Amino acid sequence: MRKPVEIGIKENSIQFLLLVVTNLFVGSMVGIERTVLPILGEEEFGLASTSAALSFIISFGFSKAIVNYFAGQIADTFGRKKVLIAGWMVGLFVPILIIFAHAWWVIVFANILLGINQGLAWSMTVNMKIDISKANQRGTAVGLNEFAGYSGVAIMAAVSGFVAASSSLRPEPFYIGLGIVAVGILFSLVVKDTGEHLKLQMQNSPANENDRSRKEVFQLTTWKDKNLSSISFSGLSTNLKDGMAWGLFPLFFASRGLTVGEIGTIVALYPAAWGFFQLFTGALSDKIGRKMLIVFGMWTQAAALWWILFVDGFSLWVAGAILLGLGTAMVYPTLQAAISDVAAPSWRASSMGVYRFWRDSGYAFGALLAGIFADLLGVHWAIGLVAILPFLAGLLASIRMKETLK
């Protein structure tokens, strides 16, 4: 006799654990690039302009943002599992292209594919976890998902930096990427789809909440609903800051005389703290609510960037990287849990897609603004100016948002 479908993390513990481990490998795909590519652009491809060097982040950010927008709708049509597997199949070409790239445009194209890989695979792992979780477990579910993903980013940022320092910037670090894709595909084949769990949640949702057109969902999530739109702006500001950090941190610390290994350590500690603290912040938001963590998390990110600018010394920069990771961890799972609080099950994946569209477009806008500011004013000014946006997002959330946890 077939086991009845149940909602809850404990009731679906094996499935949940598989999804957590899968997202560890999804994040690892980004981690491989984190330390190496900004330096590779300058040293091997001779890119003098910071804007040109950061073009790979711009291509990644926009492709991931666009795929995020459609990922929920694609998943509703074809099922979460098929979309997850498709994301990994696209990811297979990323390390291959970087290994054999003869020109910088090949790196840029590889990062378009990386954006598609992340948009499909990461979106599905988080949506599948939410599908099988109870309402008061969403923060915990998203927190564990993001912990795993950004642990993968941190581990591979450190590993790739170490491998690059001991061998070369390429191809050695990207051989690891081929193994990551193989393992990711294997886990995705084993994990079960969550379509039945989603149907059960829709049955338990009030009927009048289940009627939203694609246009309505976009408008609500972008500007009409005060909660959803504040969440979207906070997400965009968070990843705009991250796009800047991804592109400028290696250049900033290199200009201050740090070695590739030391840069790799700092660059890895930021997402490591981001991932680690999400073990606690997601679950904490299920207990104390979403708004406080969002507001103070945005302000913590701004303060951490200004700290990094005004201190001098490896240990102080390490402290700044950890503080930046903490601020990001305060908001990252909380924002997605808050989206799930507001949106009904039938349009939740679509609303999450719109949110993730705006959030991950922040990567591109962050790299674009950072490149322009760095070319015109210098790297220091670029970091300082970009930090203003998360501060403003926290201020806006404190005024416009209401508590979404019920």
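The values are calculated or read from the model by the stated rules, or taken from the named source; none is laboratory data. Since the structure is predicted, the reported quantities are computational estimates derived from the model, not experimental observations. Glycine also receives a Cβ, built like all others from the backbone with ideal geometry; neighbour counts cover every protein chain displayed. To get the accessible areas, we keep the full protein, side chains included, count just its heavy atoms, and leave off ligands, DNA and RNA. Shrake-Rupley method; radii C 1.70, N 1.55, O 1.52, S 1.80 Å.
Based on what the data block shows, is Phe373 aromatic (Phe, Trp, Tyr), over 17 Å from Met298 (Cα atoms) and in a helix (DSSP H, G or I)?
Numbers: aromatic (Phe, Trp, Tyr): yes; over 17 Å from Met298 (Cα atoms): yes; in a helix (DSSP H, G or I): yes.
Judged against the criteria, Phe373 is a match.
For every residue, the table says whether it meets (1) surrounded by fewer than 24 Cβ atoms within 10 Å (Cβ to Cβ); (2) within 27 Å of Pro250 (Cα to Cα).
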position: Val21; (1), (2): yes, no
position: Val26; (1), (2): no, yes
position: Met29; (1), (2): no, yes
position: Ala48; (1), (2): yes, yes
position: Phe78; (1), (2): yes, no
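In the stretch 370-406, which residues are buried (at least 20 other Cβ atoms within 10 Å of the Cβ) and among the hydrophobic types (A, V, I, L, M, F, W, C)? Can you show your working first?
Step one: filter the stretch 370-406 for residues buried (at least 20 other Cβ atoms within 10 Å of the Cβ), giving 370-371, 373-374, 379, 382-383, 386-387, 389-390, 393-394, 397, 401, 404.
Once the filter is applied, which keeps residues that are buried (at least 20 other Cβ atoms within 10 Å of the Cβ) and among the hydrophobic types (A, V, I, L, M, F, W, C), the stretch 370-406 yields Ala370, Phe373, Ala374, Val379, Ala382, Ile383, Val386, Ala387, Leu389, Ala393, Ala397, Met401.
Among the residues of the stretch 1-19, which ones are open to solvent by less than 60 Å² (accessible area, probe 1.4 Å) and assigned to a helix (DSSP H, G or I)? Spell out how you get there, then give the answer.
So the first thing to find is which residues in the stretch 1-19 are open to solvent by less than 60 Å² (accessible area, probe 1.4 Å), and the list is 5, 7-9, 12, 15-16, 18-19.
Of everything in the stretch 1-19, those that are open to solvent by less than 60 Å² (accessible area, probe 1.4 Å) and assigned to a helix (DSSP H, G or I) turn out to be Asn12, Gln15, Phe16, Leu18, Leu19.
Looking at the stretch 102-127, I want the residues that are in contact (Cβ under 8 Å) with a residue 60 or more places away in the chain and have a partner that is assigned to a loop (DSSP other than H, G, I, E, B) and open to solvent by less than 30 Å² (accessible area, probe 1.4 Å) with Cβ atoms under 8 Å, at least 6 apart or on another chain. Which pairs are those?
Close Cβ pairs satisfying both conditions: Ile107/Ala101; Asn127/Thr194.
Under the condition of being among the charged types (D, E, K, R) and out of contact with any Leu (no Cβ under 6 Å at 6 or more places or on another chain), which residue from the stretch 289-315 is nearest to Thr259 (Cα to Cα)? Working first, answer last.
As a first pass, look at the stretch 289-315 and keep what is among the charged types (D, E, K, R): 290-291, 312.
With out of contact with any Leu (no Cβ under 6 Å at 6 or more places or on another chain) added as a condition, the list becomes 291, 312.
Details: Lys291: 40, Asp312: 15 Å.
Ranking the qualifying residues of the stretch 289-315, first place goes to Asp312.
Residues in the stretch 335-352: is at least one buried (at least 22 other Cβ atoms within 10 Å of the Cβ) and farther than 28 Å from Lys406 by Cα?
The answer is no, given that none of the residues of the stretch 335-352 is buried (at least 22 other Cβ atoms within 10 Å of the Cβ) and farther than 28 Å from Lys406 by Cα.
In the stretch 296-312, what residues are part of a helix (DSSP H, G or I) and either among the small types (Gly, Ala, Ser) or open to solvent by 10 Å² or more (accessible area, probe 1.4 Å) (or both)? Before you say what the answer is, go through the steps one by one.
Residues of the stretch 296-312 part of a helix (DSSP H, G or I): 296-310.
The answer is Phe296, Gly297, Trp299, Thr300, Ala302, Ala303, Ala304, Trp306, Trp307, Leu309, Phe310.
Starting from the stretch 274-291, keep only residues that are under 27 Å from Gly31 (Cα atoms) and open to solvent by 10 Å² or more (accessible area, probe 1.4 Å), then list their pairs with residues that are in a helix (DSSP H, G or I) and among the aromatic types (Phe, Trp, Tyr) whose Cβ atoms are within a distance under 6 Å, requiring at least 6 positions of separation or different chains.
Leu279/Phe147
Pick from Pro171, Pro95: which is touching a residue at least 12 places away in the same chain (Cβ under 8 Å) and surrounded by 24 or more Cβ atoms within 10 Å (Cβ to Cβ)?
On the way: Pro171 fails: surrounded by 24 or more Cβ atoms within 10 Å (Cβ to Cβ).
Within the list Pro171, Pro95, the selection yields Pro95.
May I ask you to verify whether Gly384 is over 21 Å from the mean Cα position of the chain (by Cα) and free of Cβ contacts under 8 Å to residues at least 12 places away in the same chain?
Details: over 21 Å from the mean Cα position of the chain (by Cα): yes; free of Cβ contacts under 8 Å to residues at least 12 places away in the same chain: no.
Spelling it out, it is not the case that Gly384 is over 21 Å from the mean Cα position of the chain (by Cα) and free of Cβ contacts under 8 Å to residues at least 12 places away in the same chain.
Step by step: first the residues of the stretch 198-215, then only those that are part of a helix (DSSP H, G or I) and either farther than 18 Å from Asp341 by Cβ or open to solvent by 90 Å² or more (accessible area, probe 1.4 Å) (or both), then the one that is modelled with the highest pLDDT. Which residue is that? Step through it out loud before you land on a result.
To start, the set of residues in the stretch 198-215 that are part of a helix (DSSP H, G or I) comprises 198-203, 207-209, 214-215.
Cutting the leftovers down to either farther than 18 Å from Asp341 by Cβ or open to solvent by 90 Å² or more (accessible area, probe 1.4 Å) (or both) gives us 199-200, 203, 207-208, 214-215.
Details: Lys199: 87, Leu200: 89, Gln203: 81, Ala207: 56, Asn208: 52, Arg214: 87, Lys215: 92.
Here the residue is Lys215.
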